[in-house]
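Read-outs throughout are calculated quantities, based only on the coordinates presented, and are distinct from any laboratory measurement. None of these values were measured; they are calculated from a predicted model. For neighbour counting, all protein chains shown are included, and Cβ atoms are generated from backbone atoms with ideal geometry for every residue, glycine included.
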């Protein structure tokens, strides 16, 4: 298997611990500082978050209490997502809320951590805590798995281009 | 006891059902349509929500997905509060998120209902669902009881002035 093929088959590990959580784990072939930059620089986020769809970053205030808002433009229309930063600890941890315009009020709290694996790779773990079990299960059934994997495949490409 | 004294001694009933909820119940001496107006017209909200403190309503988009943001100015400084409307059903129900700037990410989902008691009075019930038990308990310990009672006493006065 070539490196390209390995990368193409890398999948995020998605689990649903407890009643109200979704946990996503994924290893990236890039050092932690580079992953941090790709995940917190709006110009770079715009290159992967939308999985190939145009992403307009309307707001991105990377500080405690700051707001973020992304609008993804696809053939099927526009989808807005937004939230607020609760904690920023470079280069290893971001806590933020997440809400999709289609379901206002169904807010989740996301805790994202980056672990330096000391071999040039980085482990991402994101835990999302929902207000209700129904919100959590709805998210799992929304096609999030393919969406997450498409975004992270695009992020792989951004990370490689930064190398 | 005079009507004025009865009004002055009226307290909200605040309980903490389950692990993550706060429930507030309060009866107002005004018909439901009037209570609805006082609770959803920004000019009227500004007269009671801040309990006598200046309240700047920076944003108030009373529709599904709309945002609201209030800043209360007191001798102790400024306090911002904000959220998003999830459901609006006049004159009886509003569902919205609630967040205090001091604890970004500690979002609660508030469901407010107004019940017409058919005798010129209205029962308000607000249930707040927090992400964690710690958030709920922190809210209970924050002095919310006196804050809620002060706001509702001011709302009594606004309702009387609308009569």
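A few notes on this one:
- Angle in degrees between helix B:144-162 and the longest Cα principal axis of chain B, rounded to the nearest 10: 40 degrees
- Residue of chain A nearest the A-to-B rotation axis [by Cβ], rounded angstrom distance: A:107, 2
- In terms of overall dimensions, the range B:80-133 has a Cα radius of gyration and Dmax of 13.2, 41 angstrom.
- Anisotropy class of the range B:42-81 from Cα gyration tensor, a/c 1.5 cut: oblate
- Extension gain, residue B:142 back to residue B:81 (0.36 nm per residue minus Cα-Cα distance, nm): 20.5 nm
- Neighbouring Cβ atoms from other chains, within 10 Å of the Cβ of residues in B:106-116, number 2 on average.
- Remark: relative contact order (the range A:15-75) = 19 percent; criterion is Cα-Cα distance under 8 angstrom and separation of 6 or more residues.
- Cα gyration tensor shape of the range A:27-93, rounded if a/c is under 1.5, else prolate or oblate by comparing a/b with b/c: oblate
- Take every pair of alpha-carbon atoms less than 8 Å apart whose residues are at least six positions apart; their mean separation over the length of chain B yields a relative contact order of 27 percent.
- Copy-to-copy label separations for residue A:64, where each label sits 7 Å from Cα toward Cβ, in nm and ascending: 3.7
- Inter-chain shielding of A:79-89 (mean C-beta neighbours from other protein chains, 10 Å cut-off): 2
- Hydrodynamic radius of the range B:15-65 by the Kirkwood approach over all distinct alpha-carbon pairs: 13.4 Å.
- Between B:77, B:105, B:52, the Gaussian network model of chain B with springs among Cα atoms under 10 angstrom shows the greatest mean-square fluctuation at B:77.
- Measuring nothing but alpha carbons in chain A and taking Rh as the Kirkwood radius, the Rg to Rh ratio lands at 0.94.
- Surface/4 of the Cα convex hull for the protein assembly as shown, nm²: 19.3 nm²
- For the protein assembly as shown, the 222 nm mean residue ellipticity estimated from helices alone, with every DSSP H stretch of n ≥ 4 adding -39500 (n - 2.57) and the total spread over all residues, rounds to -9000 deg cm²/dmol.
- Here the contact order of the range A:92-139, divided by its residue count and restricted to Cα pairs under 8 Å and six or more residues apart, works out to 31 percent.
- Inter-copy spacing of residue A:18 label points, which lie 7 Å from Cα along Cα→Cβ, given in nm from shortest upward: 1.5
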